[in-house]
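Computed from the coordinates by the stated procedures, all read-outs in this text should not be read as laboratory data. Keep in mind that what you see is a predicted model, and the values were worked out from it rather than measured. Neighbour counts are summed over all protein chains in view; Cβ atoms, including those assigned to glycine, are modelled from backbone coordinates with ideal geometry.
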Amino acid sequence: MSILNRLEKIFGRFAIKNLIIYVIFLNFLVFVLNFANDQLYSELVLRRDLVLDDRQFFRLITFIFIPPNFSPIFALFAL
């Protein structure tokens, strides 16, 4: 039995079904909302000083949903 099979047996019950679909949807949502509100990027970006000093722990998760580039052509291929 390989190590991946053992890990799947132990931790498989904690897996989130279709996780990548949720990440893609939220990535698209941030991409679209960024055009409506230019300040959204600065609210979601991961900044160490804001996490440690101001206790904004939501930034540890939300930075995952920021697209690497806000070009519509790039978004078409990336998503």
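Computed over the alpha carbons of the chain, Rg followed by Dmax gives 16.5, 51 Å. Let me make sure I get this right: for the range 12-57, a, b and c are the square roots of the gyration tensor eigenvalues over alpha carbons, sorted descending. Under 1.5 in a/c it's rounded, otherwise prolate if a/b > b/c, else oblate. Which is it? In terms of gyration-tensor shape, oblate. For the range 40-79, the alpha carbon positions stretch 37, 14, 13 Å along the principal axes, listed from largest to smallest.
Near Phe58, once Lys and Arg are set to +1 and Asp and Glu to -1 for all other residues with Cβ below 13 Å from its Cβ, the sum equals +1. Nearest 10 degrees is fine. How inclined is helix 19-36 to the longest principal axis of the chain, computing both from alpha carbons? Tilt relative to the chain: about 0 degrees.
Phi angles of the range 49-65 translate, via the Karplus equation with coefficients 6.51, -1.76, 1.60 and θ = phi - 60°, into HN-Hα couplings of 5, 6, 5, 7, 7, 9, 6, 8, 6, 4, 5, 5, 9, 5, 5, 5, 8 Hz per residue; Gly and Pro are given as x.
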